[in-house]
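Only the coordinates and a few stated rules stand behind these numbers; no lab work does. Bear in mind the structure is a predicted one, so any value in this text is a computation, not a measurement. Every residue, glycine as well, gets a Cβ built from its backbone with ideal geometry; the counts of neighbours run over all protein chains shown.
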Amino acid sequence: MTISKAIVEHVARLCRLSVRPGEVERFQKELGRIIEYVDKLSEVDTSLVEPSSHGLEGTTPLREDVRGPGSLSREDVLQAAPASDRGHFKVPRVL
Amino acid sequence: MEYCELSLAEMGRKLDAGDVAPMELLERHLERIRRLNGTFNAYVSLNEAACRELLERRAGRGARRSNPLAWIPVAVKDNICTAGLRTTCGSRMLERYVPPYDATVVERLRDRDCLILGKTNLDEFGMGSSNETSFFGPCRNPWDAGCVSGGSSGGSAVAVAAGMAAAALGTDTGGSVRQPASLCGIVGYKPTYGLVSRRGLVAYASSLDQIGVLGRAVEDVALVTECISGWDPLDSTSVAREAVKVDAGEAPGSLRVGVPWTWLSKGVHADVVETLRRAIAKLGRAGWVFEEIEMPHASFSIAAYYVVATAEASSNLARYDGVRYGFREDAEDVHTMYCATRSAGFGDEVKRRIMLGTFTLSAGYHDAYYLKAQKVRTLIRQDYLNALGRVDFILVPTSPSPAFRLGEKTDDPLQMYLSDVFTVGVNLAGLPAISLPAGFSEDGLPVGLQLIGAAFEDERLLRAGRAWEQAMEVPRSCPTAVKKALAT
């Protein structure tokens, strides 16, 4: 399928990327070529096939909801923050 | 004596015999890095002071090594977290990020008194097959500095091939340990999914990512694997199994190998096909048995991989928003900040993959792309299982060509993706695989070949790798461009 400008802009909005006007055409072309290639998946008959989200069998193991080893302190975590204030991550206005 | 060119196992024996002092071995490596890293760009960060400090504390007069990895200098790919040591993922987004914790594999290396020399260069967030998408510039191939190292674990492969580390950790989502190992002439091994903890590995595609090992000999790779593998309760995808342990001298067992000739009939460089034929002949004389197998869905591997991996990546990379860590581009409101941060912090290849993944997961396209790819994944996995029911291992090239020139494939992302044709299926199926040196091209560039094993048969695969080395006798020598660089 062909990738329109509208699709590129819609997808960019969904994943919070801003694509500059000069870049839209390039991404359109590149993504178009890749989508055209992966379209070949439609050649495979998968009518009786179950999807796999994983290579091997298995389920997610569960544990008790208690704090365990590997926990980080608040100080450790806020160390890397671009901006923090009184134990919180600080961001520009939300609304 | 070029200590840096010995195998890890040989270095260990020299340390135990007192032939080389631990500090001397470290200094030789640091000197080698000083002389070569400017040209080859294998390392992004070094950890000199901490290495010296560890030896002063633990390797003093009368001290003895407690295990085969003690006091051995290794390198760690820069998408694996090291506490207090910058971890960049080859990206502007994490250019200054310092993790507050060690990845489980790093903890295990430290527990053995292993020296972590530094963090190696990689394609940004593990996305690439040439190490050309790194924010810190490309690596150069140790056999020809005008060629790529391969990727995404380019830095790790170069460090090992050039004697700047005894071994290295890499990561493999679609071939990123095996392919650079092949292009640089060394061994690169990806374990069965779940055998090595992913805790502390910066996620790219969670159902595909695995930490792997690069080394100059299979024995070296096995020694590092024994240290890092085994169940980790802090990784919910870690399987409840013991560490992979291979005893020296143990016989390899049955060596019945399947070769999917139909799949190899086009798009493979003549020198790679020739290397494969020669290898089969040589191994055949040593008692290996070969037969033809079919893998009917192999030609759909790249398509399935690039839908699944990019979908998972779009989800995993959503966390880079300028809020909790990493790069931030300030703005008036938080939504603008997200967009500005991500657009400035990520390189083009990462953006392409995030957009691709977002597209295939979005309403209206999800069934035709993501769900479809998941079904094809089932079929690809079934192909491998069927083949491995008949033979012990599958043999294919690692890369369809030897190392290509820097810049040769950067204009066409799809061309770059196609170079992963023989590696991605293994990740989709969660199987173990190892790239082994097999010879050289007419231009003197290394050619590796790949053995793929059944799930959790890693010990058998490593033993087969050792049998391969003994039968193939591929000469080990200092890579051409490294020799040149050291002579100047």
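Just flag the GluC sites (Glu not before Pro) in the stretch A:10-68 sitting in loop per DSSP whose Cβ has no more than 16 other Cβ atoms within 10 Å. The partial results should precede the final answer.
Values: sites: A:Glu23, A:Glu25, A:Glu30, A:Glu36, A:Glu43, A:Glu57, A:Glu64; in loops: A:Glu57, A:Glu64.
Counting only loop positions with at most 16 other Cβ atoms within 10 Å, the GluC sites (Glu not before Pro) in the stretch A:10-68 are A:Glu57, A:Glu64.
At a 10 Å Cβ-Cβ cut-off, how would you order B:Trp261, B:Trp143, fewest neighbours first? Write out the running numbers ahead of the final one.
Working: B:Trp261 11, B:Trp143 25.
With the sparsest Cβ surroundings first, the list reads B:Trp261, B:Trp143.
With contacts taken as Cα pairs under 8 Å at a separation of at least 6 residues, the stretch B:55-174 carries a relative contact order of 25 percent.
Mind pulling the per residue volume of the convex hull built on the Cα atoms of the stretch B:105-212? Å³ is fine.
Dividing the Cα hull volume of the stretch B:105-212 by its residue count gives 92 Å³.
Based on Cα contacts under 8 Å between residues 6+ apart, the stretch B:39-115 shows a relative contact order of 31 percent.
The trypsin sites (Lys or Arg not before Pro) of the stretch B:1-82 that DSSP puts in a loop, and whose beta carbon has at most 15 other beta carbons within 10 Å, are B:Arg61, B:Arg64.
Estimated purely from DSSP H runs of n ≥ 4, each contributing -39500 (n - 2.57), the mean residue ellipticity at 222 nm for chain B is -11500 deg cm²/dmol once divided by its residues. Can you tell me how the stretch B:352-488 classifies by the Cα gyration tensor, rounded, prolate or oblate, using a/c under 1.5 as the rounded cut? Oblate is the answer for the stretch B:352-488, as a/c is 1.5 or above yet b/c matches or exceeds a/b.
For the stretch B:387-468, state the average projected area of the convex hull of the C-alpha atoms over all orientations, rounded to one decimal in nm².
Details: hull surface 25.5 nm².
Computed as one quarter of the Cα hull surface, the answer is 6.4 nm².
Other protein chain C-beta atoms within 10 Å of residue C-beta, averaged over B:178-185: 0. Dividing the convex hull volume of the alpha-carbon atoms in chain B by its residue count gives 140 Å³ per residue. Mean per-residue shielding of peptide A:39-52 is 6, counting Cβ atoms of other chains within 10 Å of each Cβ.
To the nearest Å, what is the center-to-center distance of the stretch A:1-66 and the stretch B:304-329, using C-alpha atoms only? Each part reduced to its Cα centre gives a spacing of 13 Å.
Placing unit charges on the Cβ atoms only, positive for Lys and Arg and negative for Asp and Glu, gives the protein assembly as shown a dipole magnitude near 780 debye about its Cα centre. The stretch B:53-69 and the stretch B:443-488 have Cα centres spaced 30 Å apart.
Order B:105-114, B:402-411 from most to least packed using the mean count of other Cβ atoms within 10 Å. Don't skip to the answer; put the middle values down first.
On the way: B:105-114: 20.2, B:402-411: 18.1.
Sorting B:105-114, B:402-411 by mean packing, highest first, produces B:105-114, B:402-411.
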